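What follows is calculated from the coordinates using simple rules that are stated; it is not laboratory data. Just so it is clear, the model here is predicted, and its values are computed rather than measured. Reconstructed Cβ throughout: ideal geometry from the backbone, glycine too, with neighbour counts over all protein chains shown.
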Amino acid sequence: MSSVQPFPSGFSARSIPTNGTSLHVRTGGQGPAVVLLHGYGETGDMWAPLAAELARDHSVIAPDLRGMGLSSRPEGGYDKKTQAHDIAGVLAALEVDKSDLVTHDIGNMVGYAFAAQYPGRVTRFVIMDAPLPGIGPWDEIVRSRALWHFSFQGPDAERLVAGRERIYLDRFWNEFSADPKSFSEAAREHYARLYAQPGAMHAGFSQFAAFDQDAIDNKAFLAKGKLKMPVLAVGGAKSFGSTMAVVMRAASINVEEAVIPNSGHWLMEEQPAATIAAIRAFLDRKS
């Protein structure tokens, strides 16, 4: 049984040292660069269908974030400001000066920290279905009981989940989708295997544990001014929906809204064609 859609045959994957760690990075295609940043419960593998579409006229760069997938799992550095520097180091190694940015979930938070710290390096920014710590309606959003996992971390949480990674992750894939069947069994097995690697859950919980620091950092970024590059805020109709645009209007001056019908949080799994079409149309537009 295949696990997840592979990246196109022309792509290569390698480990790139950056910012005191090392990220697993897939690259391929040709043309202007586009960086794809995944979220929690997945890895850069989630982007294969989009990469296949964009590689025709873009150089596609799809890393696994610090501590996730096949990237190194250092003890610290899971605040998104630090992880933005991870991405800057990858781009420096690849000699990429400017890129479009497409992000989902935790990737949104890393992407925002990157765009805020390196605004001249992001041409267009597509941000999908997750909030930004400390920005816009954050305090209201985190009160949702559905987001209890934001506070679930520490040694005992790790002991509870050890050997039960699949059960823990199923909860995300089931509860945050419009139809759990759209997140395939093969993909679940694939990601559960990656998250069951030694230290992977500790690193995953560390992404959430950093949210308080991320909120402090994001408020400091915002105090210096809103993002100026064009932003497409994409929400699943059965998930964040138009709230994504509300979040981004608090952080950016040039925001377009897209809501993907019949989709929950897992846009690339639930409605790949509609999601890819929305991304493509936005990136193709001339600034």
Using Cα Rg over 2.2 N^0.38 Å as the read-out, say which of [x] 0.91; [y] 1.18; [z] 1.12 was calculated from these coordinates.
-> [x]
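When only C-alpha pairs under 8 Å and at least 6 residues apart count, what is the relative contact order of the chain, in percent?
RCO, the chain: 19 percent.
For the ranges 120-131, 207-218, what's the packing order if you count other beta-carbon atoms within 10 Å of each residue, average per peptide, and put the highest first? Walk me through the numbers before you get to the answer.
On the way: 120-131: 22.8, 207-218: 19.9.
In decreasing order of mean packing, 120-131, 207-218 become 120-131, 207-218.
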Calculated from DSSP H runs of 4 or more alone, at -39500 (n - 2.57) each and per residue, what is the 222 nm mean residue ellipticity of the chain, nearest 500?
-> -11500 deg cm²/dmol
Would you please classify the overall shape of segment 65-160 from the alpha carbon gyration tensor, given that a ≥ b ≥ c denote the square roots of the eigenvalues, rounded means a/c under 1.5, and beyond that prolate means a/b larger than b/c while oblate covers the rest?
-> oblate
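How do the peptides 259-268, 246-255, 107-116 rank, highest first, by the average count of neighbouring beta carbon atoms within 10 Å per residue? Kindly include the intermediate steps, with their values, before the conclusion.
Numbers: 259-268: 22.3, 246-255: 19.6, 107-116: 27.5.
In descending order of packing, they fall as 107-116, 259-268, 246-255.
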Straight-distance crosslink candidates among aspartates and glutamates, where the alpha carbon sits under 13 Å from Lys228 and sequence neighbours closer than 8 are dropped | Glu256
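What percent does the relative contact order of segment 114-242 come to when contacts are Cα pairs within less than 8 Å and at least six residues apart? Let's see the in-between values first.
Values: 96 pairs, mean separation 68.2, N = 129.
Averaging sequence separation for qualifying contacts and normalising by length gives 53 percent for segment 114-242.
Got a sec? How would Ile61, Ile87 order by Cβ neighbour count within 10 Å, fewest to most? Mind showing how you got there, number by number?
Numbers: Ile61 25, Ile87 29.
Going from least to most buried by this count: Ile61, Ile87.
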